[in-house]
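A quick write-up on the structure given underneath.
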Amino acid sequence: MSTALQGLRVVELGGIGPGPHAAMVLADLGADVVRIERPAGGLQLGDPTRDPVLRGRRSVHADLRDADDLEAVLTLLDHADVLVDGFRPGVTDRLGLGPEALARRNPRLIYGRITGWGAEGPLSQRAGHDLNYLSLTGVLHAIGPRERPSVPLNLVGDYGGGSLYLVIGILAALAERERSGLGQVVDAAIVDGVANVAQLVWGMRGQGLWNDERGTNLLDGGAPFYDTYACADGRHVAVGALEPAFYAQLLVGLGLDGQDLPAQYDVAGWPQLRRRFTEVFATRPRDAWAAVFADTDACVTPVLGFDEAPEHPHLAARGTITEVDGVPQAAPAPRLSRTPAVAPTRAPAPGSTGLAEAVADWRG
């Protein structure tokens, strides 16, 4: 069965973070990805063969400072459609693998560059991590309780605003190449992507529906009907009853319908609603509340741990979490009806494919 990106050839310059994740998504959708690893090895988080982010592609060793290895990688790139580069701007130029040099050899190449700060701007050469990119975009300020911003998982920046925007840019450039026959550079800056992801908040601020005081807004935990609550066993439920019809079902499930309570969107009454919800949720264990709301549209769900999530009936039915050689991992996404993704396999050992072998294969 064919895949959506069958025949697409991608070279990935090995690293960690959003670049490998973007390469994983492309490989899941059927691209032929060759990952270039340094012979000495870079930073690894555990055993790379048990890292599902590295699944679905070949891994070759190449010393880009060695003339023979560099020429072999350049030959791969002569036959490639896409390069995924996660280095700081200028690094690949100094190695002879910069966008201009590669465009002269392969004008059809899509040069996918993923950085935190972007290829241009005052901070383009500065180090940074997910938390730093969130902090300058206003997004970090909006996350957490009133006392101080929280440290979120590195999903909003590295992946939500980073790797997935790189994939979008690569696919857009590939579509444009069908018309022009030419490649181009995709400058996927995490700060740009995060700002774009936060467009809803920018829109609400522009309408006077959002303020910069954390924990006072509709979607940041300020609303008592969009928050988490502790249950009798110390575990939690998530409540997302935004619409009046869903809110009415929340009150029924809590046994609060008909009581003299403030109106749902009476902001002055939110503290009173929060006190009542807190009191009631604390009377039963989490799973008891999950059972109460299981067949309703109250938008109340249990907060599951990573150990519990794969067993939830809905995720299990969809196969959202799969397992390969004892390693639980997310299944490929999104799902395509005619050209499904590649079934996940164990990640290859670094350098498990010979560089010459990969070059010969792509040369045909």
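The values are calculated or read from the model by the stated rules, or taken from the named source; none is laboratory data. What you see is a predicted model, and the numbers here were worked out from it, not measured in a lab. Cβ sites come from the backbone with ideal geometry, for glycine too, and all protein chains shown count toward neighbours.
What the table below lists for this structure:
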read-out: Residues (in contact (Cβ under 8 Å) with a residue 40 or more places away in the chain, of a type outside the set (S, T, N, Q) and not in a loop (DSSP other than H, G, I, E, B)) located in segment 223-243; value: 227, 229, 230, 236, 237, 238, 239, 240
read-out: Residue 146 of a type in the set (Lys, Arg) and not in a helix (DSSP H, G or I); value: yes
read-out: Boolean, residue 307 is modelled with pLDDT of 95 or more, of a type outside the set (Val, Ile, Thr) and surrounded by 12 or more Cβ atoms within 10 Å (Cβ to Cβ); value: no
read-out: Residue within segment 97-104 that is in contact (Cβ under 8 Å) with a residue 60 or more places away in the chain, more than 25 Å from the chain's Cα centre (by Cα), outside any loop (DSSP other than H, G, I, E, B) and surrounded by 13 or more Cβ atoms within 10 Å (Cβ to Cβ) present; value: yes
read-out: Tabulated pairs, segment 76-87, first closer than 14 Å to residue 182 by Cα and without any contact (Cβ under 8 Å) to a residue 40 or more places away in the chain, second among the charged types (D, E, K, R) and assigned to a loop (DSSP other than H, G, I, E, B), C-beta under 6 angstrom, 6+ apart or interchain; value: none
read-out: Whichever residue in segment 219-231 is within 17 Å of residue 275 (Cα to Cα) and in contact with a strand residue (DSSP E or B) (Cβ under 7 Å, 6 or more places away or on another chain) and, among such residues, is surrounded by the most Cβ atoms within 10 Å (Cβ to Cβ); value: 225
read-out: Top-ranked residue in segment 167-222 [being assigned to a loop (DSSP other than H, G, I, E, B) and of a type in the set (A, V, I, L, M, F, W, C); ranked as farthest from residue 244 (Cα to Cα)]; value: 182
read-out: Lone unmet requirement of (1) surrounded by 14 or more Cβ atoms within 10 Å (Cβ to Cβ); (2) under 24 Å from residue 51 (Cβ atoms); (3) in contact (Cβ under 8 Å) with a residue 40 or more places away in the chain; (4) small (Gly, Ala, Ser) for residue 331; value: (3)
read-out: Those residues of segment 232-284 which are surrounded by 14 or more Cβ atoms within 10 Å (Cβ to Cβ) and within 16 Å of residue 303 (Cα to Cα), in sequence order; value: 235, 236, 237, 238, 239, 240, 241, 281, 284
read-out: Filtered residues of segment 317-364 (kept if aliphatic (A, V, I, L, M) and over 21 Å from the mean Cα position of the chain (by Cα)); value: 317, 349, 355, 356, 358, 359, 360
read-out: Strands (runs of 3 or more DSSP E) (entirely within segment 273-330) containing at least 2 residues that are within 21 Å of residue 245 (Cα to Cα); value: 300-302
read-out: Subset of segment 73-91 (residues that are more than 17 Å from residue 33 (Cβ to Cβ) and in a helix (DSSP H, G or I)); value: 74, 91
read-out: Condition broken by residue 158, with the remaining ones in (1) part of a helix (DSSP H, G or I); (2) in contact with a Leu (Cβ under 9 Å, 6 or more places away or on another chain); (3) crowded, with 18+ Cβ neighbours inside 10 Å; (4) touching a residue at least 40 places away in the same chain (Cβ under 8 Å) satisfied; value: (2)
